[in-house]
Amino acid sequence: MNPRKISILYVKGHSAVRQIKSEGYIEISPLSHYRFDLHNCTEYVLIDIFSSFAGSTNCILSANIPTLALGAPLTIGGGIRSMFDAEELLHRFCDRISINSLLHLNGIPILKQLVADFGTQSLLPMIDVVSVGDSFKLLIQGTKEIANLSLQQVFSVYSELGIREVIVRDVDSQGMQIPFNQDLYKLCDSIWPGNLITTGGLAPVASASPFRTHARSVKGV
């Protein structure tokens, strides 16, 4: 089995950015000029991180990305709050959408409708996790709010919907200095039965399973 090479790119406005934990961003380049072809990835995930924070609509649709040049499946997330938002992206632009806050904002009926209309393969949830004392909390609304649901509860909802793959992002991680939290990985590995994609930090978590993938955020060229 060939390893998956998944690149996650964060977007603010019409620019690709690199996130420094949850405190700020460094601009890489305009999204329309970003050299996706140099990364040779099997999948791309673009997250409009500012729209989630600001409560605005996903702006990637208007960023003039040369999607045909990607040559790989594309997932887009951020600012997806309605069936209309999801349909717009899936019909016109991408293979999958990534959602996070929607589940926590009474969005389960929308998720059920999306599964009915587009299938479970159209959804790739991203779960933002932060360490608080001896426990883990989930962040929504662009990491500015702590969710009421636990990681176990969120996994349970997605599993019941038939979703078989999720991304878990360790918000605390920072490059090689703070790699993905191993305790968080062990927890996810023990309670999530499907494919698990982890992201955060440059050092991958230790796993030989083909159903466990560490996706590094694209750092730009």
If you go through T67, T75, the only one that is of a type in the set (S, T, Y), under 28 Å from Q113 (Cα atoms), modelled with pLDDT under 80 and surrounded by 15 or more Cβ atoms within 10 Å (Cβ to Cβ) is T67
Has region 193-215 got any residue that is assigned to a loop (DSSP other than H, G, I, E, B) and at pLDDT 85 or above? yes
Filtered residue count, region 120-158, keeping only those that are acidic (D, E) and assigned to a loop (DSSP other than H, G, I, E, B): 1
Can you name the condition, by its number, that Q113 falls short on among (1) part of a helix (DSSP H, G or I); (2) at pLDDT below 90; (3) more than 22 Å from S150 (Cα to Cα)? (2)
Just a yes or no: is a residue in region 106-123 free of Cβ contacts under 8 Å to residues at least 60 places away in the same chain, under 18 Å from the mean Cα position of the chain (by Cα), surrounded by fewer than 22 Cβ atoms within 10 Å (Cβ to Cβ) and more than 17 Å from G162 (Cβ to Cβ)? no
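The values are calculated or read from the model by the stated rules, or taken from the named source; none is laboratory data. Computed from a prediction, not measured in an experiment: that's the story for all the values here. Quick reminder, even Gly has a Cβ in these numbers, built from the backbone with ideal geometry, and neighbours come from all protein chains shown.
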